[in-house]
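Read the figures in this text as sums done on the coordinates, not as results from a lab. Since we're looking at a predicted model, the values are computed, not measured. We place every Cβ from the backbone using ideal geometry, glycine too, and count neighbours over all the protein chains shown.
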Amino acid sequence: MSARRDEDFTGYVQARLAWLRRVAYLLCQDWHQADDLVQTAITSLYVHWRRASAMESTDGYARTILVRAFLSERRGGWARRVTLAGQLPDAPSVGPDLGDALDVRAALAGLPPRQRATLVLRFYCDLNVDQAARVLGCSAGTVKSQTAKALASLRRALEPVSGGGPVGAEQRGNAAGARGAIAWGAKEIGHG
Amino acid sequence: MDEAGARALMERVSATEPPPSRVDIGLARQRGRTLARRRRWALAGAPLLATAAVAALVAGIGAIAGGGGEPQIPPAPLTRSVPHPFNPLAPYAAFGWLPKGLPRNVNSPGSTRAELQLMVGSQATGQFTLTVWAGGTCNLDAAQARAYLRRHVHPLLNCAQDAGMSWSDTLSRPAPAIGGRPGFWFGGQALAWEYARHAWAMLYVSRWGTPVGPATTLKVAAHVRFAATAKPVVKFPFQLTGLPASWRMTSVAAWRATASGLLATTSNELGSTNAVGRVDGPPTGTIGQIVITPGKGRCPFFGGSSQRVDLGGVTAIVTDFPGSGAPPYQGLCIPETDGLHVQFLEFPEPGHAGFAFGGVIGVFKHHLRLLGPNPANWTTRPIG
């Protein structure tokens, strides 16, 4: 690659690094893994830089690489991902905001990777169904069904429990959901 | 939870304060360069397979996009007003007016018999990528496109490269006329227009930060010059001699504009690069991925399949590639000779056994003339 192209690439990544890390974090739910994912993605972006920089949306190209790298990695790391979701630390002493954040994060982490990626693309990256389908390499119908399933899972995980009492993890089959049921409520996300 | 709730949730989680970044951009460049080099070689045989795969993918995309009751669009008849195919050595189009302050560093990621791509500018100042298709390579004419849009159907414009590889996108709405020719917006602010009957051009614009306005895009498009030249102008640091008379340069990637003209010097890490073969043969050519550039380069050495060969005092790395489903092929790489880095592949001719020139060593010894690093000595006739 020419020095000019190196310069363009470096300039782009420096400018968009914070955004790439946040998208990766939403996908991975862990900053260290997110940084690893971004490292993988920008290496691939460098290889494809000629094409990426010629695209109408370099961000879109980078995002596609990032999401596909995430899904590819998760196909081989399912067991580890499940363990991660189940090992969120208890945090009895944290303040309500951090506690809520952990609950929400745990609820997201409890979703299968493809559903999580669908939600990130639809509701963080603001892609429509067709655009998300192109990134995920599936049909628009699949995106719609994955979105519906993911929202339903989140709803179950985060909805307030009738009577307001805590529910054990074993009863809900999802430790994250149990935590969410205690600390999360309609006030946080407007869910009635 | 509804969609608004999901958006709020995403915002909340993403608002988490990040720790210091461990991402290393320099490391990405370093590994990326290594990967690009490996890909250039490892994927050398892939175009044959990739062509089929991409064709299948495009067919799949077309099927999806064309679903839901959208009418089938018959292929447009071949035009007589625009050449088909293009001559990859004679760029059919050129930029005219460009916004003030835009670097004039025109280069071409690729030029084939079906398609010419030109790129100018940078992401910082605004980058314009022009794709011009030869006549009869796209499935629609403007009248058909307008008819679909009037019926609130977004038509799929599909333009085919050689060997079944295609580009396609959905036209979203009419655009103002470009040089008197009908135009359409697609994919946001990309512009497609029928610059001659059954012949299309597309202009993509990208820029970091402030977007380029549609008025600027339209003005750049309106000043694109077609039929810019009919004679070969791209200069090469090599000449292939003694080839069959029917052989042509089937693709050129990538050239760039310099004070001394258009020079095919830059390498394309991903693939097609310069290729030579029969005009009715595969776009990969029979001698393909020709990367001959001034200076010294690195040559990959694959244990078990590469060997060092002395060619009259010059050490070359010759590699036998198994083909992975396609017929085996060979690669030759010389870090530097006559001030040039030399690298190319030879594929067996379709339908013929063995290599046309006895393998890459035969090509190098009997058919390749190197012209040195000085562009003044280069030629616009890469096949002599």
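Hey, fewest Cβ within 10 Å first, where do B:F302, B:F186 land in order? List each step's numbers first, then the result.
Working: B:F302 15, B:F186 21.
With the sparsest Cβ surroundings first, the list reads B:F302, B:F186.
Sequence neighbours fewer than 8 away in the same chain don't count; with that in mind, list the lysines whose C-alpha is under 23 Å from B:K100.
List returned: B:K219.
Give me log10 I(q)/I(0) at q = 0.12, 0.19, 0.21 Å⁻¹ for the stretch B:142-255, Debye formula, one equal scatterer per alpha-carbon, no solvent.
-0.59, -1.10, -1.23
Need one number: nm distance between label points at B:T258 and A:S57, each 7 Å from Cα along Cα→Cβ, rounded to one decimal.
So the label points at B:T258 and A:S57 sit 3.8 nm apart.
Using Cβ contacts closer than 10 Å as the measure, can you line up A:S153, B:S306 from fewest to most? Write down the numbers at each step before the final one.
Working: A:S153 21, B:S306 18.
In order of increasing Cβ crowding within 10 Å: B:S306, A:S153.
How would you classify the stretch B:70-226 from its alpha-carbon gyration tensor, with a ≥ b ≥ c the square roots of the eigenvalues: rounded for a/c under 1.5, else prolate if a/b is greater than b/c, otherwise oblate?
On the way: a/c = 1.85, a/b = 1.25, b/c = 1.48.
Note, shape of the stretch B:70-226 comes out oblate.
Residue by residue through B:121-127, how many Cβ atoms from other chains fall within 10 Å of the Cβ on average? Don't jump to the answer; show the numbers that get you there.
Values: counts 0, 6, 9, 5, 0, 0, 6.
Across the residues of B:121-127, the mean count of other-chain Cβ atoms within 10 Å is 4.
Across peptide B:196-205, what mean number of C-beta atoms from other chains lies inside 10 Å of a residue's C-beta? Could you put the intermediate results ahead of the total?
Numbers: counts 0, 0, 0, 0, 0, 0, 1, 1, 4, 1.
Partner-chain Cβ atoms within 10 Å, mean over residues of B:196-205: 1.
So for B:V234, A:V135, fewest C-beta neighbours within 10 Å to most, what's the order?
Values: B:V234 26, A:V135 22.
Neighbour counts put them in this order, fewest first: A:V135, B:V234.
Excluding residues fewer than 8 places away in the same chain, name every one of the lysines whose C-alpha is closer than 25 Å to that of B:K296.
Within the straight-line limit of under 25 Å, B:K296 reaches these lysines: B:K235, B:K365.
Could you estimate the translational diffusion coefficient of the stretch B:323-363 from the Stokes-Einstein equation, with Rh from the Kirkwood formula over C-alpha pairs, at 25 °C and 0.890 mPa s, in whole µm²/s? Show your work: numbers first, answer last.
Working: Rh = 11.3 Å.
It comes out at roughly 218 µm²/s.
List the trypsin sites (Lys or Arg not before Pro) within the stretch B:292-351 that fall in a DSSP loop (any state other than H, G, I, E or B) and whose Cβ has at most 15 other Cβ atoms within 10 Å. Write down the numbers at each step before the final one.
Details: sites: B:K296, B:R298, B:R308; in loops: B:K296, B:R298.
Passing both the DSSP loop test and the Cβ count: B:K296, B:R298.
What does the convex hull of the alpha-carbon atoms of the stretch A:1-76 project to on average, in nm²? Mind showing how you got there, number by number?
Working: hull surface 19.3 nm².
Across all orientations, the stretch A:1-76 yields a mean hull projection of 4.8 nm².
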